[in-house]
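The values are calculated or read from the model by the stated rules, or taken from the named source; none is laboratory data. All figures in this text were calculated on a predicted structure; none of them were measured in a lab. Cβ placement follows ideal geometry from the backbone for every residue including glycine, while neighbour counts extend to all protein chains displayed. Surface accessibility is based on the protein's heavy atoms, side chains included, excluding ligands, DNA and RNA. Shrake-Rupley method; radii C 1.70, N 1.55, O 1.52, S 1.80 Å.
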Amino acid sequence: MGNSDTALAGISEVDRAVPQKVDVVLIGAGFAGLYAHHKFREIGLAAFGFEAAPDIGGTWFWNRYPGARCDVESLDYTYSFSPELLDEWRWSERFATQPEILQYANFVADRFDLRREIAFDTRVTAAEYDEAANEWVVRTDRGDIVRSHYLVSAVGSLSLPKAPEITGLDKFAGRWVQTGAWPREPVDVAGKRVAVIGTGSSGIQSIPILAEQAAHLTVFQRTPNYSVPAHNGPVDAAYEAQVRADYAEHCRQNRRTKGGVPSRINTGLSAMEVSEEERRARFEQAWGFGTFSLQAVFRDITSNEQSNAAAAAFVHDKIRSAVKDPAIAEKLIPKTFPFGTKRLCLDTNYYATFNRDNVELVDIRETPIEGITRAGIRTTEREYPFDLIVFATGFDAITGPLLALNITGEGGRKLRDEWKDGPQSYLGLMIAGFPNLFTVNGPSSPSVLANMLQTIEHHVEWIADCIDHMEKNGLARVDADSDAQVAWAHEVANMAAKTLYTKADSWYMGANVPGKPRVFLMYIGGFDRYVDRCEAIVSEGYTGFRFTPVAGDSAPGQSSVVWTGAHSQGTRF
Ligand SMILES: Cc1cc2nc3c(=O)[nH]c(=O)nc-3n(C[C@H](O)[C@H](O)[C@H](O)COP(=O)(O)OP(=O)(O)OC[C@H]3O[C@@H](n4cnc5c(N)ncnc54)[C@H](O)[C@@H]3O)c2cc1C
């Protein structure tokens with residue numbers, strides 16, 4: 001077994017030594033995978049990772065499009081597990097750019113030496129549970145076969161870009177790119193006729209910048225989205241000093257909030273229990289503050305229809321005042337779903353970009369795209385010639401990257417079959433019938449609804465603690481109880497049903513991928529409540545999890561790694 005005879009372009013055999021057997025196989029080297037490598041090393045496990053990209057960074061490796069940046073404030077979009085790390089890193093902007101976030105990921109990887117147990121440029125193509133051995137057998141697109149006691153997926157929630165679904169792309173004589181897999185070398189936009197298809201977050205971040213560079217930019221919009229101004233700029237020195245006075249405590253407090261970020265201007269009130277003047281003033285304050293505060297300034301914006309309508313009307317007015325041409329403004333105003341029930345976008349000059357002479361908006365509900373031609377894009381109205389087409393068409397979110405792993409669990413059950421009517425998972429951490437498989441930010445956890453550096457740290461720590469508990473107590477196998485899983489799924493669905501989120505055709509609901517079951521994919525009860533729940537479950541003795549003391553190949557508590565081939569004989573982590 002092993003892959004020692006595989007020809008590896010540009011990578012030496014020694015660099016890519018892949019073990020035959022380890023304690024944990026870890027898939028993905030974004031922020032989740034990186035922290036998991038650190039954490040597992042800390043508890044003495046031999047972990048080995050696979051990453052499809054040629055380097056670390058995940059989201060921030062792949063999404064290099066102009067304007068890509070975080071929209072959780074940089075001071076919060078930060079690992080909190082190491083006080084030294086908090087001290088040693090300085091962010092330059094309130095919302096850091098993709099290059100700076102990638103630099104941060106690299107800084108962390110170097111600081112903790114996290115690259116050495118990862119095979120890059122390697123995609124996991126299948127994982128099968130071998131019941132007799134109580135091991136996972138993991139296969140890659142480079143022929144590797146690795147066995148492990150535990151399998152941890154850190155494949156990300158937004159890591160599988162949707163393939164362009166428009167016919168004729170192969171005929172296009174120009175160049176096309178996807179925001180979610182943007183090339184590493186610069187894409188030449190200057191003086192070009194550029195199309196952007198899609199007006200989700202990536203489209204909204206990139207359109208203003210592409211418009212400044214391109215000769216002409218045409219935006220193809222199917223559904224207008226709500227966007228609020230980010231008010232980006234340098235990190236506010238006074239606020240930073242306040243946070244840094246006790247940064248670790250600031251991060252701990254974030255874990256006690258609904259969204260994993262500080263509630264700096266939230267009132268905790270219903271929008272309907274204040275006067276119209278106060279409501280307007282609070283909305284103005286939130287609009288001026290930036291972040292997701294317009295969604296959170298009142299507690300019931302996404303659960304009460306009247307409160308929601310008030311917030312929506314407020315944003316509609318803002319769009320009308322930003323866009324000079326009233327007809328274009330009307331096209332940009334979202335009217336088909338409640339405010340905030342699709343991922344709210346943060347922008348810099350998005351709506352004002354449509355005042356530029358070189359920018360055109362095509363509403364493809366009015367004039368649908370028929371196909372891509374050699375020259376450009378043909379709608380039912382006319383053909384538009386382009387040099388470059390940018391697909392900002394989103395991701396097969398949350399479940400897509402997990403299903404792409406082709407996982408087979410106990411008794412030959414396929415994850416794809418188990419999830420054909422929608423994902424089932426206990427706490428988003430484990431899936432019944434798939435023992436010793438853990439998922440970071442799996443479906444039915446808060447994941448994308450909160451600051452993901454927080455959700456990642458919480459999940460990685462929970463998983464590491466659970467494995468540590470097993471290793472120390474002679475427990476070789478853990479599985480989620482299927483009844484507990486069903487109960488959790490009901491709770492997650494019932495909570496979503498009490499909100500307005502289920503009324504939108506969003507990627508939160510799986511609605512952007514043809515054939516995907518229409519299910520709300522996250523736990524919406526709040527990150528704070530979720531953390532409490534996970535802690536209570538552990539302190540009650542891991543309610544809903546089943547542990548089995550099966551004898552395995554390696555005794556519990558003893559880290560093991562087995563290599564094949566000439567390299568690394570006898571090496572241990
Ligand atoms: C443009 C953009 C902006 C965002 N902004 C924010 C923000 O402001 N705040 C926030 O909280 N979140 C944001 N997110 C979400 C972001 O994904 C998370 O914050 C975080 O980076 C996720 O880290 P991760 O390690 O879980 O996943 P990822 O960063 O997605 O990493 C997963 C890795 O797994 C690899 N992988 C997947 N499948 C396989 C396989 N089969 N084999 C091998 N490797 C595999 C991928 O190549 C990828 O590198 C944003 C996402 C995008 C796309």
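Quick look at the values:
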item: Whole-Å distance, taken between Cα centres, linking the stretch 504-547 and the stretch 247-297; result: 23
item: Burial order of peptide ranges 277-284, 19-26, 502-509 (average beta-carbon count within 10 Å, highest first); result: 19-26, 502-509, 277-284
item: 3J(HN,Hα) from dihedral phi, the stretch 163-180, Karplus parametrisation 6.51/-1.76/1.60, rounded to Hz, x for glycine, proline; result: 5, x, 9, 9, 6, x, 4, 5, 8, 5, 7, x, 10, 10, 9, 10, 4, x
item: Cα-Cα pairs of the chain separated by more than 45 Å (percent); result: 16
item: Global form of the stretch 209-264, assessed from the alpha-carbon gyration tensor, a/c cut-off 1.5; result: oblate
item: Solvent-accessible area of Asp236 with every protein chain in place, 1.4 Å probe, in Å² to the nearest 10; result: 90
item: Options Pro161, Leu114, Tyr77, ranked by Cα towards positive dipole end of the stretch 70-166, top entry (Cβ charges); result: Pro161
item: Qualifying GluC sites (Glu not before Pro) in the stretch 343-380, DSSP loop, other Cβ atoms within 10 Å at most 13; result: Glu366
item: The stretch 67-210: C-alpha gyration tensor shape, a/c 1.5 cut-off, then a/b vs b/c; result: oblate
item: Extension gain from Asp236 to Met272, taking 0.36 nm per residue of separation minus the Cα-Cα distance; result: 9.7 nm
item: Pair-distance profile P(r), taking every C-alpha pair of the stretch 65-121, with 5 angstrom steps and integer %; result: 4, 17, 27, 22, 16, 11, 3
item: q = 0.15, 0.24 Å⁻¹, the stretch 177-293: log10 I(q)/I(0) [Debye, one scatterer per Cα]; result: -0.95, -1.32
item: At 1.002 mPa s and 20 °C, Stokes D of the stretch 296-409 from Kirkwood alpha-carbon radius, µm² per second; result: 122
item: Rg in Å to one decimal, and Dmax rounded to a whole Å, for the stretch 95-140 via C-alpha atoms; result: 16.4, 50
item: Anisotropy class of the stretch 146-243 from Cα gyration tensor, a/c 1.5 cut; result: oblate
item: Per-residue [θ]222 nm for the chain (sum of -39500 (n - 2.57) over DSSP H runs n ≥ 4, rounded to 500); result: -9000 deg cm²/dmol
item: Rounded accessible area per residue of the chain, 1.4 Å, Å²; result: 40
item: Share of carbon and sulfur in the accessible heavy-atom surface of the chain [1.4 Å probe, %]; result: 49
